[in-house]
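Enquirer: Below: one structure in structure tokens.
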Amino acid sequence: TAQAGQWIVLGLDTAGSSNNDTVVNIGSYVFANGPIYDVRVWTTMPNNENDTVNENDTTAISVGAALVGTYVIGTGSGADYVSFTEAADDLNTRGVCGDVVFNVQSGTYNEQIAINEFPGSSEDATVTFQSLANNTSAVTLQYSGSTSAANNWVVKLNGADYVTFRKMKISSAGNSGAYANVFNMEGGSNNNNVLDCWLKGNSYSSTSTGNFRSVVYINGLNNDNTISNNRIEGGNPSIYAYGSG
């Protein structure tokens, strides 16, 4: 949570123990709001002996105080983030410790964002991206640079849970090539919502049944997601969803 001190718990691979693991509490630290902390941990002199295998001694992670409350995306007065990318990066790094709302100022945002599995998400700690003007046409998130199946989305939820996009236009703008997906869900993304949005793909005369130009593309086991009351335009097909087999 935002100001709480956290115990740093270290799991050590310990030869001879029943589960080959030992947990060591090495102290606590209060993470302030704002900064990202690069935490680096290493071992030295195991069992008071020189370590002859040094390539597995160190681990590192970037952490920060979790997000909670309401934030503004945009370039106008009062904005906390200038882009969806900044907000998504913070969300992926920090996680949440309560409900989070990103209100997006009116405008066009030329970006591609991916939201991964992040710490803290639950039915009591949800994340919402929505138009500050409460108008679907006021906010456009668009991207037209997809060049391969591995880079084919405007918005991708990759293992993210309890995320809602509401009242905005999301568009694969100007991309007439083979790769033009708009909204992707994969990696076990559960309990997400796309509500009252305008999801715009490109128009194609081909009757191809491939999935690289889908407006909504759902790949694998992603459960309890809701796509409701949206305008879905273009694409081939409009929605492509399949499980793991």
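The values are calculated or read from the model by the stated rules, or taken from the named source; none is laboratory data. For clarity, every value in this text was computed on a predicted model and none was experimentally measured. Here the Cβ is made from the backbone with ideal geometry for all residues, glycine too, and neighbour counts use every protein chain on show. The accessibility values were calculated without ligands, DNA or RNA, using every heavy atom of the protein model including side chains. Shrake-Rupley method; radii C 1.70, N 1.55, O 1.52, S 1.80 Å.
Enquirer: When you go through V96, V68, V104 one by one, which is the residue that is among the β-branched types (V, I, T), open to solvent by less than 40 Å² (accessible area, probe 1.4 Å), more than 27 Å from S144 (Cβ to Cβ) and touching a strand residue (DSSP E or B) at 6+ places or on another chain (Cβ under 9 Å)?
Expert: Criteria check complete, one pass: V96.
Enquirer: For the structure I just gave you, tell me whether S144 is open to solvent by 50 Å² or more (accessible area, probe 1.4 Å), in contact with a helix residue (DSSP H, G or I) (Cβ under 9 Å, 6 or more places away or on another chain) and of a type in the set (S, T, N, Q).
Expert: no
Matching residues to (1) more than 14 Å from the chain's Cα centre (by Cα); (2) at pLDDT below 95:
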| residue | (1), (2) |
| --- | --- |
| V163 | no, no |
| S176 | yes, yes |
| M185 | no, no |
| N191 | no, no |
| V194 | yes, no |
| L199 | yes, no |
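Enquirer: Here's something else I'd like to know. Filtering the range 71-93 down to residues that are among the small types (G, A, S) and open to solvent by less than 30 Å² (accessible area, probe 1.4 Å), which residue is nearest to Q142 (Cα to Cα)?
Expert: That would be S83.
Enquirer: Enumerate the strands (runs of 3 or more DSSP E) found wholly within the range 59-137, keeping only those where 1 or more residues are touching a Lys or Arg at 6+ places or on another chain (Cβ under 8 Å) and at pLDDT 95 or above.
Expert: 113-116, 127-131
Enquirer: Only one of (1) of a type in the set (A, V, I, L, M); (2) without any contact (Cβ under 8 Å) to a residue 60 or more places away in the chain; (3) under 28 Å from N202 (Cβ atoms); (4) open to solvent by 20 Å² or more (accessible area, probe 1.4 Å) is not met by V139, so which one is it?
Expert: (4)
Enquirer: On the basis of being of a type outside the set (S, T, N, Q) and surrounded by fewer than 19 Cβ atoms within 10 Å (Cβ to Cβ), does D161 make the cut?
Expert: no
Enquirer: Additional query: Considering only the range 233-242, I want to know if a residue exists there that is modelled with pLDDT under 95, among the small types (G, A, S), under 20 Å from the mean Cα position of the chain (by Cα) and open to solvent by 50 Å² or more (accessible area, probe 1.4 Å).
Expert: yes
Enquirer: Moving on to the next point. What number of residues in the range 72-97 are of a type outside the set (S, T, N, Q) and within 16 Å of the chain's Cα centre (by Cα)?
Expert: Total meeting the criteria: 13.
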